[in-house]
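The structure under discussion appears below in the form of structure tokens.
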Amino acid sequence: MDIIFDVKKIQKITYELCKKGKTIGFVPTMGALHEGHLKLVKASKEKNDVTIVSIFVNPLQFSPIEDLIKYPRPFEQDKKLLENERVDYLFYPNAKIIYPADFQTYVSVKNLSNIFEGKSRPGHFTGVATVVLKLFNFIKPDDAYFGQKDFQQCAVIKQMVRDLNLPININVVPTVRDKDGLALSSRNIFLNRQEKFEAFALYQSLLLARKLISGKNKSTEFIKAKIKNFLQKYKHVRLDYIEICNPENLSPVKVISKKAVILIAAHVGKTRLIDNLVL
Ligand code: AMP
């Protein structure tokens, strides 16, 4: 696996690959890799001739009160995991390369960025969209892979790709969970034992929603109230939001009559976790 630090170099590599008619699969990450990330890599390896992974902890998507410095960066371990998956190139730029001192252009996917995660984390999706567009410009992938775990992020990226007519297929890969159902996340390492135990309740609450919609009352207010009630039993869980919406455009749903997605965000101790389930 070649590790590339420089924008010009990765552009040259992808230009040559394109000239040779190779398809490029791209997996953007912030590192601290786990089986969830590796599932995206596997999906890319299966579909594309060449797989490029990026590791970049994007300062633009963290708000001032979020802990950018504390974000885990186990680079040597990440490198080994990617080598084991036989990734072709790792793009590993530093922040100065991505955001030089006079940087002043941002991508904002207007409506989708202001709800749910965007409301709780102002500026987050502008940070995400800006860095992803930059990475797409460097790499010019045929396919890019994102995890369903970050459901709203997938919606934002798909919207950006549509709005800007980018010739890139966005592939959404199902969430990888541990044996108890907790969605794998680089932030799970911050959970202590008790918090980890309580974090399982998030997925259980989503399963409860799935069970409830097979009953008579399909009102989303009813389902959300039941979930809030269920989560109250867990003293380390502080709910941020539960939303049930249309999976395509994230518009709110009042009564579940067709496919919907339930999105949940909560603090467990000091760690903020998100999860979702398509109903
Ligand atoms: P991150 O490093 O957290 O920015 O994640 C990089 C990519 O991996 C994003 O597309 C995430 O949605 C995806 N991802 C993170 N956790 C999981 C998971 N448990 N299952 C599937 N994909 C995931």
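The values are calculated or read from the model by the stated rules, or taken from the named source; none is laboratory data. Treat the numbers as computed from the prediction; the structure is a model and nothing was measured. Every residue, glycine as well, gets a Cβ built from its backbone with ideal geometry; the counts of neighbours run over all protein chains shown. Accessible surface is based on the protein model in full, side chains and every heavy atom, while ligands, DNA and RNA are left aside. Shrake-Rupley method; radii C 1.70, N 1.55, O 1.52, S 1.80 Å.
Going out from 0 in 5 Å bins, what whole percent of all Cα-Cα distances in the chain drops into each bin?
1, 5, 12, 16, 18, 17, 13, 9, 5, 3, 1, 0
Would you mind telling me the share, in percent, of accessible area of region 232-279 contributed by carbon and sulfur at probe 1.4 angstrom? If you can, show how the numbers build up before the last one.
Values: 1290 of 2550 Å².
Here carbon and sulfur together make up 51 percent of the probe-accessible area.
Contact order normalised by length for the chain, with contacts defined as Cα pairs under 8 Å and 6 or more residues apart; what percent is it?
Working: 475 pairs, mean separation 48.1, N = 279.
Result for the chain is 17 percent.
What dipole magnitude, in Debye to the nearest 20, does the chain give about its Cα centre under +1 on Lys/Arg Cβ and -1 on Asp/Glu Cβ? Intermediate results must be reported in sequence, preceding the final value.
Values: 44 positive and 28 negative charges, 169 e Å.
The dipole of the chain has a size of about 820 debye.
At 0.36 nm per residue, minus the direct Cα-Cα distance, what do Asn169 and Ser251 gain on full extension? Give it in nm, one decimal, please.
On the way: separation 82, 0.36 × 82 = 29.52 nm, distance 2.32 nm.
Answer, rounded to one decimal: 27.2 nm.
Under 1.5 on a/c is rounded, so check that first for region 1-109, then, if it is not, pick prolate when a/b is larger than b/c and oblate when it is not; a ≥ b ≥ c are the square roots of the alpha carbon gyration tensor eigenvalues. Numbers along the way, then the final one.
Working: a/c = 1.92, a/b = 1.28, b/c = 1.50.
It is oblate, given that a/c is not under 1.5 and a/b is not larger than b/c.
Averaged per residue, what accessible area in Å² does region 23-130 show with a 1.4 Å probe, protein chains only? List each step's numbers first, then the result.
Values: 5370 Å² over 108 residues.
With all protein chains present, region 23-130 gives 50 Å² per residue.
Count the DSSP beta bridges whose two residues both fall in the chain, then state the antiparallel fraction as a percent rounded to the nearest 5. Write out the running numbers ahead of the final one.
Values: 19 of 38 bridges.
The antiparallel proportion sits near 50 percent.
Would you calculate the separation in nanometres between label points at Asn94 and Lys20, each defined as 7 Å from the Cα along the Cα-to-beta-carbon direction?
Roughly 3.0 nm, to one decimal.
Would you mind checking the radius of gyration and Dmax of region 145-274 based on alpha-carbon positions, in Å?
15.7, 47
Please go through region 13-104 and write out the chymotrypsin sites (Phe, Trp or Tyr not before Pro) that DSSP classes as loop and that have at most 16 other C-beta atoms within 10 Å.
Values: sites: Tyr15, Phe26, Phe56, Phe62, Phe75, Tyr89, Phe91, Phe103; in loops: Phe56, Phe62, Phe103.
Hits after loop and neighbour filter: Phe103.
Once you keep just the Cα pairs under 8 angstrom separated by 6 or more residues, what percentage relative contact order results for region 1-131? All intermediate terms of the calculation are to be shown ahead of the outcome.
Values: 185 pairs, mean separation 40.9, N = 131.
This gives 31 percent for region 1-131.
Does anyone have the angle between helix 151-163 and the longest principal axis of the chain? Alpha-carbon axes, 0 to 90°, nearest 10?
Once rounded, one gets 50 degrees.
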